[in-house]
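Here is the structure we will look at, set down as structure tokens.
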Amino acid sequence: VKSIKKNQLNVILADNVHGRIDVSEVYDDINKIADKKAPLASFKKDQVIEAKVIGKHDMKSHKFLPITHQINKASVYELSIRPSILAAQTPEILTIEGVNTNDELIGYVNNYTTNYLWLTVNPSLKAKLPLVDLSEDGLEISKNIQDNFPLGSAIPIKIESVDTEHGIINVVGKSHVVKDYTHVKAGDILPAHISGIFDKYLLLD
């Protein structure tokens with residue numbers, strides 16, 4: 001281990017041969033993660049670990065490349081230390097073609113926008129999680145989103161839909177999700193985004 005980042009371990013395989021282990025390629029089970037806000041906190045610089053090559057990583061585009069792709073100065077080896085991958089003779093990396101609605105996965109925080117969290121499921125699969133669907137206590141959590149869910153944080157998620165056109169999955173992180181008017185009733189307290197301000201009312205999403 002050369003260095004520990006929030007989202008990855010940078011490793012040295014040999015002289016002038018470098019690799020990375022994305023945070024999504026460390027654990028199979030979210031219950032095995034001691035600190036879900038910092039899943040890589042248990043690793044140490046210069047630690048020796050066993051890893052399996054699963055592909056290449058382009059450092060300019062930050063994209064996952066198949067193992068057959070030629071290695072060059074702009075790419076490093078993509079590695080995994082997930083127990084299931086290490087045990088598999090020919091490991092299969094989950095792709096967007098292999099997921100279905102209601103599948104339960106682990107997502108790792110990769111980026112923030114005003115209304116969404118972007119998550120990494122694995123080096124080739126990204127997910128979009130609306131802040132209003134992040135947790136049952138979404139309103140309080142969304143006020144301090146980067147403190148509650150720093151980069152690299154592990155979140156249990158469920159797939160709501162698969163967007164093959166853009167190559168992403170849309171996910172939720174809580175059990176009660178508002179899909180239409182049948183999912184709400186008078187008295188419910190729900191997180192919402194202000195989409196319009198008028199003289200006599202606010203319009204909320």
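Here region 10-105 is treated as a Stokes sphere of Kirkwood radius computed over C-alpha pairs; at 4 °C and 1.567 mPa s its diffusion coefficient rounds to 88 µm²/s.
Projecting label points 7 angstrom from Cα along Cα→Cβ for Leu151 and Lys200 puts them 4.8 nm apart. Residues whose amide H lies under 5 Å from that of Leu65, counting only those 5 or more places away or on a different chain, are Lys56, His57, Asp58; hydrogens are built 1.01 Å from N in the peptide plane.
The calculated 222 nm mean residue ellipticity attributable to helices in the chain amounts to -1500 deg cm²/dmol, summing -39500 (n - 2.57) over DSSP H runs of n ≥ 4 and dividing by all residues.
Summary of packing: across the peptides 22-32, 90-100, 118-128, the per-residue average of other C-beta atoms within 10 Å ranks them, highest first, as 118-128, 22-32, 90-100. Subtracting the Cα-Cα distance of Lys45 and Asn144 from 0.36 nm times their residue separation leaves 32.6 nm of extension gain. In this simple spin-label model, placing a label point 7 Å from the Cα along the Cα-to-Cβ direction at both Leu94 and Ala192 gives a separation of 3.4 nm. For the chain, the per residue solvent-accessible surface stands at 61 Å², with DNA, RNA and ligands left out and a 1.4 Å probe. Each of Val17 and Asn111 was given a label point 7 Å from its Cα along the Cα-to-Cβ line. The distance between the two points is 3.2 nm. Each 10 Å bin from 0 upward holds the following percent of the Cα-Cα pairs of region 149-205: 16, 34, 36, 14, 1. With one equal scatterer per alpha carbon and no solvent term, the Debye-computed log10 I(q)/I(0) for the chain at 0.12, 0.14 1/Å reads -0.67, -0.87.
The values are calculated or read from the model by the stated rules, or taken from the named source; none is laboratory data. Owing to the predicted nature of the structure, the values given are computational and were not obtained by experimental measurement. Positions of Cβ are generated from backbone atoms using ideal geometry, with glycine treated the same way; all protein chains shown enter the neighbour counts. The protein model used for the area step is the full one, side chains on, heavy atoms only, and it has no ligands, DNA or RNA in it. Shrake-Rupley method; radii C 1.70, N 1.55, O 1.52, S 1.80 Å.
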